[in-house]
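Input: one structure, supplied below.
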Amino acid sequence: MSASTEGNARAAGYTPHPYVGGRTAALRALAAWRMRWPGAPRVIVLTGNPGSGRSRLLTGFLMMCDPEYRKQLPIDDLDPATVPPDLPAPAVPSAAGRTAAQVLWLLADHFELAAGRTEDVFAELAARDEPVTIVVPDVDQAGPVRAAEEATRVVREVLTPLAATETVQLLADVPRELATELAGALPASQVQVIDLDAPEWADPKGLVLHAETALDAGSGAPELPYTTDPAARRALAEALAARAAGSRLTVQLAVQSLLMQPEGFDPADASQLPTSVGEALDLHARRLGADPQTLRLILAPLAFAEGDGLPVQLLGTLANAVAGRDMSQDLADGMLLAAPFIQPVEPSSEDHEDGTGEDAEAGAGDGRTLLRLMHPALAEEIRSGLPDVRDTQTRIAMALLEEVPQQDWAQADPYIRDHLAAHTLEAGLLPQLLTDPGLFAHADPVTLRAAIEAVPLEQLGAPARTYLRTAPLLTRSQASATLRAAFLESAFVEDGLAPYAEALHTRGFRLPWRTLWSVPLAGVRAVTTGSVAATGEDGTAVSRSVAALLVPEGTPGSRTLPAAADGAVAPRDGTGAADGTAAGEDAGAVNGDGAAAAGGRTALLLHDLRAPEYVDADPSLVVQPSEEDRAAAPLGFSRGADYLRVWARADRRMVAALVSDSPVTDADLSPDGVLVVATERGVTARQILVAAPPAAPSVPAQRTGTTDADASHGLEGDHS
């Protein structure tokens, strides 16, 4: 198949695709791939220069692959060789704004896989009896942080293993610099690269049709001599296409420019027609009597914008920072000048909030508008024209930081809260930013984690490493800002960073607990709270509240119980009782037989219930709360494999919800509200603060895997 098929299709009288307007050769290749035509490749890598029309082509093809949408298309009038068979729609996990892990778990959810680890996803797909069809668009826009280069990870961690899976029929839209790598991982007989800028796939006539349609007054263009007269319109379309060197984006920008501001345009003057995206910008400014550099400075903040776009309220601040001078008058005079290159975006509800649905700064319909450039290639053009991108990002980051009222992240604009890390990453300043626990709690955890992971680990300070360790838990649980603060508070205590934990109690959060102590003690099989007689500092006998930990015999500081000791901690079955008390509380003492049943001889280790110190006392003298004491306590708890809920007995109101990043082996709640939790990592004690009930995080369906990558599934719940 080659570009010559375009002429053949038109000669046969077929109607061009109403959205694509050409690309017959590429559409035929994609249709043959979809129907698994003999000799068709199993994998197609679609690539081309930015602005070549890859997204438009893929969108048009997917229209025909969707059984419902294709009913709206003139299928019978199209070239039959370009029309895929009427099959169920393929899986289409868009990579735009997503991490590699998110893309993979979108696939896992789509195919309802039971995979618990990333490698299990590919194994389950490979074990399928019937092939699956997957289309991955917008790989060049992957990742929540531009400078993190997530597109490379998507290709290497998702697309390459998918392409190697024989049961997967894959079509991926990939930047040219990664297309060769992806295609090179497969035998030549299984893969085809469609480069829309290569001669065999070029579509010059389709580009003319694209320009002609955009210029048509019947399609919404203003009535001008070259939009109402078919001959003049055709001549201008041919001239635009000839100058644009195959770039759909260059033609699109040129048409938008002259239709929005037709004054001063002479269709007979070829020098007014751009040959590139950059020339489209500069010619537009000159035709309107403006300085091209001023136009680029107005647009520069949008060229650095992260996420869905930049809040219009921040445009002036960042324009001043980029230019190094007051740009207010330039902005006031130049927004019409910039209009052909800007697209307003109405943010979703998540863009108004802290990323979790809590502490919303703004709501849908409040007039908050984001701005972004019409195409990512515009951003690259503007950025490439600046003398020092890193210095520009530094000035942007400093300007954003100054917009945080009293450095209170709760009052910061959501854009600053969620995306300042991305700007400081490219400026080389991110490690210096990662010292404020308030930012850790308020920032969107998916975006912040992606930025931090792009920094070499040795450059990160201890608080940032704690955040990185905790981030999978924050994303998996979809925790609110308050619960993110609570989880981080415990993590800081676990890592010996008590001042950072304490700081979170001064940042305005109503935390559900205060973490009292944590010990990295592996192998704890059971815990219980109680009291024991001990010797005070003055030598007198005192009663100390303790947590009794059942540990393997030989653990330093532990004491092996006599075979018939009574009143000691009992092993639990880990199920949790319906009334909120842990199962097995009255199971009796651990004797020799009980130790053997638990998997080996055990001993008891006593830890002060409220202080970070062990207690040297006879464990056989530990007195546990009676059943009456527990029933009279104001709080009860229940737990699952890796989560616990604490609730008020009086009204069943939940006052704390804890999700653990490692399986819970046992837990106990003292009558006065100290929750002691043992996990595979260690033991932590938290004082429940009943006066501050938080919203509960979602507790996702449990997976069997416990690796970091498997726990972090991002913005859309457990697997997004």
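The values are calculated or read from the model by the stated rules, or taken from the named source; none is laboratory data. Worth saying up front: this structure is predicted, and the values here are computed from it rather than measured. When we count neighbours, we look across all protein chains shown, and the Cβ atoms used for this are built from the backbone with ideal geometry, even at glycine. The protein model used for the area step is the full one, side chains on, heavy atoms only, and it has no ligands, DNA or RNA in it. Shrake-Rupley method; radii C 1.70, N 1.55, O 1.52, S 1.80 Å.
Please work out how much accessible surface M335 shows to a 1.4 Å probe, ignoring ligands, DNA and RNA, in Å² rounded to 10.
The accessible area comes out at roughly 70 Å².
Another one. Return one whole number: the accessible area per residue of the stretch 397-514 in Å², for a 1.4 Å probe.
In whole numbers, the stretch 397-514 has 32 Å² accessible per residue.
Still on this structure: What angle, in degrees between 0 and 90 and rounded to the nearest 10, separates the Cα long axis of helix 24-34 from the longest principal axis of the Cα atoms of the chain?
Helix 24-34 sits at roughly 30 degrees to that axis.
Averaged per residue, what accessible surface does the stretch 23-89 expose to a 1.4 Å probe, in Å²?
That works out to 41 Å² per residue.
Once phi is turned into θ = phi - 60°, what whole-Hz ³J(HN,Hα) does the Karplus curve with 6.51, -1.76 and 1.60 give for every residue of the stretch 163-174, x standing for Gly and Pro?
Whole-Hz 3J(HN,Hα) from phi for the stretch 163-174: 4, 7, 8, 4, 8, 9, 9, 10, 10, 10, 9, 10.
Using only the alpha-carbon atoms, how far is helix 230-243 inclined from the longest principal axis of the chain? Give it as 0 to 90 degrees, nearest 10.
Between the helix axis and the principal axis of the chain, the angle is about 60 degrees.
With every protein chain left in place and a probe of 1.4 Å, what is the accessible surface of E157, to the nearest 10 Å²?
Answer for E157: close to 90 Å² accessible.
Once neighbouring chains are kept in place and the probe is 1.4 Å, which whole percent of the accessible area of the chain is contributed by carbon and sulfur?
For the chain, the apolar C and S fraction of the accessible surface comes to 52 percent.
Give the relative contact order (percent, whole number) for the stretch 449-517; include only Cα pairs under 8 Å separated by 6+ residues.
Relative contact order of the stretch 449-517: 29 percent.
Over the chain, calculate the relative contact order: mean separation of alpha carbon pairs under 8 Å at least 6 apart, over the residue count, as a percent.
The normalised contact order for the chain reaches 10 percent.
Tell me, what is the percent relative contact order of the stretch 237-318, built from C-alpha pairs under 8 Å that lie six or more residues apart?
The normalised contact order for the stretch 237-318 reaches 24 percent.
On a 0 to 90 degree scale, rounded to 10, what angle separates helix 414-427 from the longest Cα axis of the chain?
Its long axis makes an angle of about 80 degrees.
Using a simple spin-label model with points 7 Å from Cα along the Cα→Cβ vector, what separation in nm is obtained for E149 and T275?
3.2
Oh, and also: Go ahead and estimate [θ] at 222 nm for the chain from helices alone: -39,500 (n - 2.57) per DSSP H run with n ≥ 4, summed, over the residue count, rounded to 500.
Computed mean residue ellipticity for the chain: -10500 deg cm²/dmol.
List the residues, sorted by chain then number, that are 5 or more residues from V136 or on another chain and whose placed amide H is less than 5 Å from its amide H.
The answer is L171, A172, D173.
With every protein chain left in place and a probe of 1.4 Å, what is the accessible surface of H110, to the nearest 10 Å²?
Rounded to the nearest 10, the figure is 100 Å².
Scaled to the compact-protein estimate 2.2 N^0.38 Å, what is the alpha-carbon radius of gyration of the stretch 476-527, rounded to two decimal places?
Cα Rg divided by the expected 2.2 N^0.38 Å: 1.23.
For the chain, list log₁₀ I(q)/I(0) at each q in 0.05, 0.07, 0.08, 0.11 Å⁻¹, using the Debye formula over Cα point scatterers of equal strength and ignoring solvent, two decimals each.
Log-scaled intensity ratios, in q order: -0.34, -0.61, -0.76, -1.17.
By accessible area of protein heavy atoms, probe 1.4 Å, what ranking do S189, S638 get, highest first?
Descending accessible area places them as S189, S638.
If DNA, RNA and ligands are ignored and the probe is 1.4 Å, what is the ranking of L314, L621 by accessible area, most exposed first?
From most accessible down to least: L621, L314.
Given +1 on the Cβ of Lys and Arg, -1 on the Cβ of Asp and Glu, and no further charges, what dipole in debye does the stretch 472-565 carry about its Cα centre, rounded to the nearest 20?
Roughly 400 debye for the stretch 472-565.
In Å², and per residue, what accessible area does the stretch 150-212 have when probed at 1.4 Å with the other protein chains present?
39
Whenever you get a sec, line up W105, W647 from highest to lowest accessible area (probe 1.4 Å, protein heavy atoms).
Greatest to least solvent exposure: W647, W105.
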